Amino acid sequence: MMSFDHDKVTPLTGSDLTKKEQVADMFDSIAHKYDFLNRFLSAGIDKGWRRKALKELKDIAPQQILDVATGTADVAIMAEKMFHPQKITGIDISDGMLDIGRKKIAALNLSNKIELINGDSEKIPFDDNSFEAVTVAFGVRNFSYLTVGLAEILRVLKPGGKLVVLEFSKPQASLIKPFYNLYMEHIAPWVGKKFSKNKAAYQYLNESIKNFPEGEKFTQILKQTGYSNVQRKPLSMGICTIYCGQK
């Protein structure tokens, strides 16, 4: 099993819990403020990032979509509005996040179109060739074993099906890099502590981004896992990146 530096980054040091257990606990603890902090910390740009990522699915018009690490279902809800597929299933390991997602879905009268279940990216509870599209927004950094999760996604994709990953990356431009580092290392953790009472969650965010095999490294991992037509598109001067691959 191939291992990467980010696999070893965990929300807490010295804990006996696995990375998966720590991540689930972390998201449970910040679920009540997660959507607010996403909008606040990104100045609302995160919505545009998600929309651009989902536009990568327009060419296949998927009817069965799986949203991995669905969180509070932002991507699942946006995908329903954009494509009106037969069914969207979201999986996540945090019940706290899923509970909030279900409330949002019910408020929009979409419970018959979007289903959220507790599920592990590395043991996806569906048969081979089940989905025309799989999305993962800001979730692959949290996989305990990156290639295992990517291989599981490939397994459940139908032939011709498409994976779209949206993930944070590190801007390289000399003008923005120092401001980005200041923001991620000091401002984001401070805001996280003030509003969610969990500074460690946003310190983990920074550490997991710093250690994630982004850019060309991640496209090579997708190819080695078995994806074809692999592409990447940096957004907002490289603050995040869209990655696509097909089965």
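Taking every DSSP beta bridge that has both ends in the chain, the antiparallel portion is near 40%.
Where a ≥ b ≥ c are the square roots of the eigenvalues of the C-alpha gyration tensor, would you call segment 22-150 rounded, which needs a/c under 1.5, or, failing that, prolate if a/b is larger than b/c, or oblate? Taking the square roots of the gyration eigenvalues as a ≥ b ≥ c, segment 22-150 is rounded.
Once you reduce segment 23-81 and segment 82-133 to the center of their Cα atoms, the two points are 11 Å from each other.
Across the chain, the mean sequence separation of Cα contacts (distance under 8 Å, 6 or more residues apart), normalised by length, yields a relative contact order of 22 percent. Within a straight-line Cα-Cα reach of under 20 Å, residue 8 can be paired with the following lysines, leaving aside sequence neighbours fewer than 8 residues apart in one chain: 19, 20, 123, 170, 199, 210, 217. GNM on the chain, alpha-carbon springs under 10 angstrom: the most fluctuating residue among 205, 54, 108 is 108. The structure-derived value of Rg and Dmax of the Cα atoms in Å appears in the list [x] 17.7, 58; [y] 19.1, 58; [z] 16.9, 48 under the label [z]. Our summary gives segment 61-169 a relative contact order of 29 percent, counting only alpha carbon pairs under 8 angstrom and 6 or more residues apart.
Read-outs: derived from the displayed coordinates by stated rules, not from any lab. Being a predicted model, the structure only gives us computed values, none of them experimental.
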